[in-house]
Amino acid sequence: MNKVLIVDDEKRMLDLIALYLRPHNYVCQKAQGANEALSYIEDETIDIVLLDIMMPQMDGWKLCQEIRRVSDVPIIMLTARDQREDIIKGLRLGADDYITKPFNEDELLARMAAILRRRAPKVHVEVNSLLWNKEKFELIYKNVPIKLTPKEFIMIGHFMKNPNQVFAREQLINLIWGFDSETEGRTVDSHVRNMRDKIRQAGFPIDDHFKTVWGVGYKWVN
């Protein structure tokens, strides 16, 4: 199932869209405003965002910019405005698509499915001859396997698939250990340290790509 974040200041609209989507195998999170939406983006893995434009305090354009600072999650703008200038503005700010209200349920579902197909999870990622292969559960550098624990393998793959995105320790715990885990931040740091050492020993310049963001977490740069 894909998890969709619906952002609108009107509770009625949130409930209506969720009612549309749930029978089609979407898990719906509802955010009634920008602050709540950003909290979901920072703390959970979201597959696609449906974002209303006309909201008080922070409109959808500004929120789209804020989301793009931390995530490349697909965004579809939902609005009653169908001016060409508004459509262009939303796309330039990082939205993936744009649909006007009132919208046809089947059209919304089709657009969401098309975007998610294009953003299908990567099973192979390669950076400077370092190859992460999900299908074979292998990390290889210049044809030489690097032995990692399962959690180290998942962690490095997650970073390589999401370059330039900063992940806090709490996010990594949720992604790798699970929401119910009692794992602490220092356990994440220990796994990071061991993973770095193993990849460094294989000859890959890990320190050029895997960066510590002090006081926040970690990120990967290509």
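The values are calculated or read from the model by the stated rules, or taken from the named source; none is laboratory data. All values reported here derive from a predicted model rather than from experimental measurement. Note that we place each Cβ from the backbone using ideal geometry, even for glycine, and neighbour counts take in every protein chain shown. Each accessible area value is taken on the protein alone, full model and side chains, heavy atoms only, with ligands, DNA and RNA left out. Shrake-Rupley method; radii C 1.70, N 1.55, O 1.52, S 1.80 Å.
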Practice problem: Select the helices (runs of 4 or more DSSP H) contained entirely in segment 135-222, then report the ones holding at least 3 residues which are within 15 Å of the chain's Cα centre (by Cα). | Solution: 150-161, 169-172
Exercise. Answer yes or no: is there a residue in segment 52-66 that is touching a residue at least 40 places away in the same chain (Cβ under 8 Å), in a loop (DSSP other than H, G, I, E, B), of a type in the set (A, V, I, L, M, F, W, C) and closer than 25 Å to Pro163 by Cβ.
Key: no
Exercise. Restrict the check to segment 113-132 and report whether at least one residue is at pLDDT below 95 and touching an Asp or Glu at 6+ places or on another chain (Cβ under 6 Å).
Key: yes
Quiz item: Got at least one residue in segment 69-88 being open to solvent by 40 Å² or more (accessible area, probe 1.4 Å), under 16 Å from the mean Cα position of the chain (by Cα) and without any contact (Cβ under 8 Å) to a residue 40 or more places away in the chain?
Solution: yes
Practice problem: Considering (1) under 20 Å from Val73 (Cβ atoms); (2) in contact (Cβ under 8 Å) with a residue 12 or more places away in the chain, say which one Ala113 fails and leave the rest. | Solution: (2)
Quiz item: Which one is nearest to Ile173 (Cα to Cα) among residues in segment 116-154 that are surrounded by fewer than 12 Cβ atoms within 10 Å (Cβ to Cβ) and among the aliphatic types (A, V, I, L, M)?
Solution: Ala120
Quiz item: Looking at segment 28-48, is at least one residue surrounded by 15 or more Cβ atoms within 10 Å (Cβ to Cβ), touching a helix residue (DSSP H, G or I) at 6+ places or on another chain (Cβ under 8 Å), modelled with pLDDT under 85 and part of a loop (DSSP other than H, G, I, E, B)?
Solution: no
